[in-house]
Structure formats: structure tokens, C-alpha cells
Amino acid sequence: ARRRRRRRPAAEGSSPRDGGSMRCQVSVLYFARSAELAGLRCETLSVPREITSLQLWEEIVKVHPRLAVIRDQVVFAVRQEYVLLGDQLLVLQPGDEVAIIPPISGG
């Protein structure tokens, strides 16, 4: 009976059938002001595999509400490619790097 627990999907509360809500672990890197606001430089978060860049930002802000203040200036880099916040669909792979890059100069 002990072995049965391991068969559960890794993501609680999402059924394996609806592929859109499959989650994966990504590394989130915080730079400059975003690191100050989040209080750390990097962490691993579980997020949906298919998600728009704006939804991904919202997932991160749920964890670190103070980041909301830089929403309009922030740029993402996903796998080292720049992504603007919006409805662009990202298909994430486990272990992907998501960097939060606020403006370097105030302005």
C-alpha cells in the first residue's frame, strides 16, 4: 500500500488529463530592483507549463506582492531571450530560467 502514494501527479489539484494546467519547476532569477523587492536573488517556482508572460508575472507577484510596483517597467528573459509582459504564450520546460530584469537606470 505504501507505493501508491508515488503515483500521484506532482502538481496537486490538477488532473493529468487537461494538459494545459500541467505544471513545471522553473528557476526564477531576480536582478537589481526586483531582487531588492523579492528579498532574494533566485528561487524555484512551480508554474503552468503553458502560460502567457503576463500570467507568469502574476504567478510571481502572488509569491512576492511587492514586485507589483515595477510591473510597468519589467522585462522577462526566458531561456535568455527577452519577452515583454503581455499575451505572448510561453511553453516552459522544467528547469527553464526565467529572469526578471527591471530597468537598469531609473527613468
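Things worth noting here:
- In a fully extended conformation the segment linking R79 and E43 would gain 11.4 nm over its present Cα-Cα distance, using 0.36 nm per residue.
- Cα pair distances in the stretch 23-101, grouped into 5 Å bins until the bin that holds the longest one, percent each: 3, 17, 32, 30, 15, 3
- Loop sites in the stretch 28-105: trypsin sites (Lys or Arg not before Pro), DSSP, at most 14 other Cβ within 10 Å: R41, R71, R79
- At a probe radius of 1.4 angstrom, the accessible area of the stretch 23-101 per residue rounds to 55 square angstrom.
The values are calculated or read from the model by the stated rules, or taken from the named source; none is laboratory data. Remember, it's a predicted structure, so these values are computed and weren't measured experimentally. Cβ sites come from the backbone with ideal geometry, for glycine too, and all protein chains shown count toward neighbours. Ligands, DNA and RNA are excluded from the accessible area calculation, which covers all protein heavy atoms including side chains. Shrake-Rupley method; radii C 1.70, N 1.55, O 1.52, S 1.80 Å.
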